[in-house]
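The values are calculated or read from the model by the stated rules, or taken from the named source; none is laboratory data. What you are looking at is a predicted structure, and each value in this text was computed from that prediction instead of being measured. Glycine gets a Cβ as well: all are built from the backbone with ideal geometry, and neighbour counts include every protein chain shown. Side chains are part of the model used for accessible areas, which takes the heavy atoms of the whole protein and leaves out ligands, DNA and RNA. Shrake-Rupley method; radii C 1.70, N 1.55, O 1.52, S 1.80 Å.
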Amino acid sequence: MAIEAEDTPLEQLMWKVVTLKEAGYRFLTLTALEVDEETAEIIYHFDINLQMKNLRVRFPKGTKIPSISPIYFAAFWAENEVIDLLGITFSGLKIDYHGTMYLDAEDKDTVKTPFCRYTFVKKEAE
Amino acid sequence: MKMLPEIIKNLFRKKATRNYPAVKRVPFPNVRGELVNDISQCIFCKICETKCPANCIEIDKDKRTWTYDPMECVYCGICSESCPKKCLSHKPEYRPPMTKRQVITLRGKPLPPKPAPEEKKSDTDTSS
Amino acid sequence: MVSTVIPFGPQHPVLPEPVHFKLKIEDEKVVDAIPAVGFVHRGLECLVAKKDFVQMTQVVERVCGICSAMHGMCYCMGIEEMMGIEIPKKAAFLRTVWTELHRIHSHLLWFGLYADAFGFESLFMQFWKIREKIMDINEATAGSRVIISVNVIGGVKRDISPEHRQWILSTLDEVEEALRDLEKVVYEDYTIRKRTVGIGVLSKEKAYELGASGPMARGSGIDIDARSLGYAAFPDLDWEPIVEYGGDCFARAKVRFREMLQSIGLVRQAFQKMPRDEEIAVKVTGRPEGEVITRVEQPRGECLYYLKGNGSKNLDRCRIRTPSFANFPPIMSMLIGCRLADVPVIILSMDPCISCTER
């Protein structure tokens, strides 16, 4: 089963978000995920009176996505998290942490996105 | 000043704290406290190792050992519910504080020896 | 005009968890506020690659200690919807009982910190004394004080016996009586009113536009509560969202106080309407496939889960948006224009749960 999401090409994204803002929707959040080796996708979630509306945007990895923070200021917070975790970059962000929101500035280049691979390390019993 | 009636009532109520460690609370039953294993019943099936979300149990089937790290354990109770022989259970008290990291290893009974194959062959010889 | 930058540091007596704000001050008024988070980031969303979908229940419950049963419930509801499982009605009522108890204990914890923010230590201790009774209920019925681990996919793990039911109802009577004694202090005390009325005002339009949720939105007049979606036993219970119109810290405190009393009433109703003899969980077979979005109302607001499965035993993606995450942009707008001494009270009035914000 899939959620109801409108497939949106990248060029129409800003126009659709402006129409939703004028209709009175509020911004919930955005979800970024990796579809396969070359494509990533972002799903935007909006809501009015507890009815949800989702927009799905698919794009090849490495493209710069236009940020929706000029329209919905609250989106800058979620977009900065996506930069940290998945390495997607946005253009036109109102407040940009440049990938240091969760990670330190020194670790930014050594830790690889997406979803940095990690291992378990157990402390030895003394 | 609206708090004054409450403060005066508190002078005559009993204390809200307990004089621990001289007085200890009686624990509730069915609390998920320290984990104990009755190793004589254990069949080393490895179900608790696969289901543990914290990866704190290690089982070696050949050597018949069950190793458990009480500091990694999150006391969720999944192992004791899925154990087929019900040898894992929780005590009602929480594990006592430790000064050094410890790992608990329990060794089970060795398996009884299998019957030797020569006896079976002689049975078939006499029957034919 | 002299302008300085003051760090409202990660360590502060009023904060339960570390968060950092850079405040730009001009002669005691705050002109700009930029948050910096990342001190408690554990990377829990990445663990879907290592743990299978049954073990993820335990991971998701440990995102936050205060609202842990609600995270577990939301995740289990999502997986049940993906796999087409319907839970028994008794399990839905039991989930409602435990989550409403969580709401009471979370608001009691918040009230203690709120009183501590202006140095009112005796009120802080009174609220936490009442909270101990709820912790005892959790320990006796579910097995643990804080992270109760009582939700499984397909229902709940434990049942509440009739003796426990009587004991819970009498304890809730004691809690309600103690809260009525403290109601006058919270609403009418001169010091508390001086520090909270008119401070940190968030208008209704700004709250809607910046995506505030929970008591932040309901304290500004927006009538929205995710429990109206009708999950668990809420369609059978009689309740209404609690709304105040002040928009300041005092209105938010009033919303939380009234919600506590409403939750006590909801637990009583749930016990009356609960079916008596039924099973508490159904057996689960198969693997989750597809995508689903679930929402529940946590004590701090509306929490959203996006789950995606691909037919194997590990999920593809588990995205958690917690209400504390969504309440950060409104805080930035509330801090502009206030005095330096009001900053701790304003930040605390949003109920920051930083371990939820940066799982």
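Overview of results
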item: Tabulated pairs, region A:15-34, first over 14 Å from A:GLU79 (Cβ atoms), second of a type in the set (Lys, Arg), C-beta under 6 angstrom, 6+ apart or interchain; result: A:LEU33/C:ARG317
item: Segments classed as helices (runs of 4 or more DSSP H), wholly inside region C:143-252, with at least 1 members that are under 20 Å from C:ALA326 (Cα atoms); result: C:204-209, C:215-218
item: Selection within region C:113-156 - open to solvent by less than 50 Å² (accessible area, probe 1.4 Å), within 11 Å of chain B (Cβ to nearest Cβ) and charged (D, E, K, R); result: C:ASP136, C:GLU139
item: Top-ranked residue of region A:51-65 - restricted to ones that are in contact with a Ser or Thr (Cβ under 6 Å, 6 or more places away or on another chain) and either within 13 Å of chain C (Cβ to nearest Cβ) or surrounded by 15 or more Cβ atoms within 10 Å (Cβ to Cβ) (or both), ranked as farthest from A:ALA32 (Cα to Cα); result: A:LEU55
item: Complete set of residues in region C:284-319 that are among the β-branched types (Val, Ile, Thr) and touching a strand residue (DSSP E or B) at 6+ places or on another chain (Cβ under 6 Å); result: C:VAL292, C:ILE293, C:THR294, C:VAL296
item: Leading residue by the ranking (farthest from the other protein chains (Cβ to nearest Cβ)) among those in region A:23-48 that are under 17 Å from A:SER67 (Cα atoms) and among the charged types (D, E, K, R); result: A:GLU41
item: Tally, over region B:17-51, of residues that are part of a loop (DSSP other than H, G, I, E, B) and either in contact with an Asp or Glu (Cβ under 8 Å, 6 or more places away or on another chain) or over 30 Å from C:SER122 (Cα atoms) (or both); result: 17
item: Residue within region C:96-106 that is of a type in the set (Phe, Trp, Tyr) and in contact with an Asp or Glu (Cβ under 9 Å, 6 or more places away or on another chain) present; result: no
item: Matching option when the condition is more than 13 Å from every other protein chain (Cβ to nearest Cβ), more than 19 Å from the chain's Cα centre (by Cα) and either crowded, with 20+ Cβ neighbours inside 10 Å or at pLDDT below 90 (or both), among C:GLY309, C:GLY337; result: C:GLY337
item: In region B:60-94, residue farthest from C:ILE153 (Cα to Cα) [restricted to those that are of a type in the set (S, T, N, Q) and within 14 Å of another protein chain (Cβ to nearest Cβ)]; result: B:THR67
item: Scope region A:50-81; condition in contact with a strand residue (DSSP E or B) (Cβ under 7 Å, 6 or more places away or on another chain) and either polar (S, T, N, Q) or at pLDDT below 85 (or both); matching residues; result: A:ASN54, A:LYS61, A:SER67
item: Hits in region C:269-288 - residues which are surrounded by 15 or more Cβ atoms within 10 Å (Cβ to Cβ) and charged (D, E, K, R); result: C:ARG287
item: Matching residues, region C:267-309, being closer than 24 Å to A:TYR44 by Cα and either basic (Lys, Arg) or without any contact (Cβ under 8 Å) to a residue 12 or more places away in the chain (or both); result: C:ARG295, C:ARG300, C:LYS308
item: Unmet requirement for C:LYS90, which otherwise passes all of (1) more than 24 Å from C:GLU289 (Cα to Cα); (2) touching a residue at least 24 places away in the same chain (Cβ under 8 Å); (3) under 20 Å from the mean Cα position of the chain (by Cα); result: (3)
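Every residue, every condition in (1) more than 8 Å from every other protein chain (Cβ to nearest Cβ); (2) not in a helix (DSSP H, G or I), yes or no:
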| site | (1), (2) |
| --- | --- |
| C:VAL48 | yes, no |
| C:VAL54 | no, yes |
| C:VAL63 | yes, yes |
| C:MET73 | yes, no |
| C:CYS76 | yes, no |
| C:ILE79 | yes, no |
| C:MET82 | no, no |
| C:ILE87 | yes, yes |
